[in-house]
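Just so you know, all these numbers are worked out from the coordinates, no wet-lab data involved. Here the structure is a predicted model, which is why all the values come from computation and not from measurement. Using ideal geometry, Cβ is built from the backbone for each residue, glycine included, and neighbour counts are taken over all protein chains shown.
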Amino acid sequence: MDSDQDNNHQEETRLKIYFLPNLVTAGNLFCGFVALTKIVEVDLNSDGYHRVVQHAIFFILLACIFDLLDGRVARIGGFESPFGREFDSLADIVSFGVAPAFLVHRIVLRDAFVMHPQVGWFIASIYLICGALRLARFNCLASEAEITGRNTSKDFVGFPIPMAAGLVASLTLFLLWWEQQGLSIGVWRYGLPVILLFLSIMMVSEVKYPAFNSINWKTKRSFTKMVIVILLIGFFVVAWEVIFPTVLPTLFTGYLIYGFIRPRISKRLRQRIEEELEDEDEDEQEISGTRG
C-alpha cells in the first residue's frame, strides 16, 4: 500500500517535459544565440556589415515567430507545463532581452555617446533588466493563477518582451535601410535610445495588451481571411527588401499604441478588433455551471 502511494507521489512530482513545444522554444533560443553571435562578430568598418546586421535582425524576428508558435502548440496539444513556461522565459531573455540590447548598443548607442560610452551600455542594461523583470512577473502571475485556480484575464500585463524586441529590431532594420539609400541618419539615431527607454518602462507597466492565444483564428470569414493572408505573403516575398524595413516598425508600433487606446474604445469594437469569442465563452461557462 505504501509503495503504491510512493509511486503515485513520484508520478505527481515528476516534471512534465513535452518534446514538441520545447523543441519550438529551443528554436527560439537558437535564433537568439545566432543573432547575438552575428552582432558580436560583425566588423562595423567593413563594407558588408549591413548584410550581417540584417541577418542578425532576421534571426531576432524569426525567434518572435518561434515564441508565438510554442505557446500555441502547447495549448492545442495540451502540453502546457511549468517547465515549458520557465524554459520559454529563459529563451526569451536571450532572444528578446540580450540580443536586442546588444544590437542597439553595438549599432547605435556606442557611436551616439562617444564622449560618454557608459551612457550607452547603461541604457541597454535598463532594457535588459526591465525585460527580465517583466518575464519574472509573468511567471509569478501564471504560478499564482495555477495555485488559486483562477485565471480570468486573457491579457498581458505590460508590453510583451517579444513585441519590444520586434520593435527594436525592426527600427534598427529601418535605420540601416535608410542609410543604404544614401540618406543620413543624423539626429534620428538618438531617437532609438529614447524608444529603448520607453519600451523598458512599458514592459514593467500596468498597461494591458491582448494575448495572441485569445485571438479567434476560426471565424465565419475564414475563406476571405485566407485569401488576404496568401496575397499578403506573396506581396512580402516579392518586395521584402522594401516592405520589411518600412512595414514591420509600423505593425509593432501599432500594437504598442493599441494598449493605450484599448481602454478608451467600446467593448464591441474591441471584440471585433481582437476577434474574441467572449459570448461563446460565457455560454460555455453557463453550461458548465448548470452541469456542476
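Listed values, structure above:
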item	result
Most to least packed among 39-47, 130-138 [average Cβ atoms within 10 Å]	130-138, 39-47
Cβ-based exposure ranking for Glu274, Glu206, Glu86, in which fewest neighbours within 10 Å come first	Glu206, Glu86, Glu274
nm² value of the averaged projected area, convex hull over the Cα atoms of segment 14-211	12.0
